[in-house]
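Engineer: After the structure tokens below, expect a handful of questions from me.
The values are calculated or read from the model by the stated rules, or taken from the named source; none is laboratory data. Since the model is a prediction, treat every value here as computed from it, not as a measurement. Note that we place each Cβ from the backbone using ideal geometry, even for glycine, and neighbour counts take in every protein chain shown.
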Amino acid sequence: MSMLQQYGTLFGLIIGVIGFVLSLFVITRLLGKARQEPGKDVPATGGQLSRDPVWVRYHARYYGYALLFLAFDMEMAYMYPWAVVYKQVGLTALLDMGVFLLILFLGLLYGWSQGAFRRQ
């Protein structure tokens, strides 16, 4: 399969997905009825009206949790493709992943030393 055919296939798939999504949107607009209810635009929590304002500020300690989550989420995003090519590349891939995990582990130690895991 030539490069042009591969791009054509990819373009066709993209057009197909966009067409499918748009057709589902049109079908739901045609078949579904939009009812206006007074409570639809009111922010609610668990079925009850919220006592607090909607735009609340979160404490800065939650940003540390978010950054740690992103770090380990990215770890998984890079480990899956690495596991696929590990057999082909061999020891070089193992050393590369070791360096990557070491950098993440150092970030984990830094977060731990700064008290990111303490309950407050």
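Engineer: Specify which of the listed residues (L104, L68) is modelled with pLDDT of 75 or more, touching an Asp or Glu at 6+ places or on another chain (Cβ under 8 Å) and not hydroxyl-bearing (S, T, Y).
Structural biologist: Exactly one residue qualifies, and that residue is L104.
Engineer: Ok, one more. Can you pull out every residue in the range 22-50 that is at pLDDT 70 or above and of a type in the set (K, R)?
Structural biologist: Answer for the range 22-50, where residues must be at pLDDT 70 or above and of a type in the set (K, R): R29, K33, R35.
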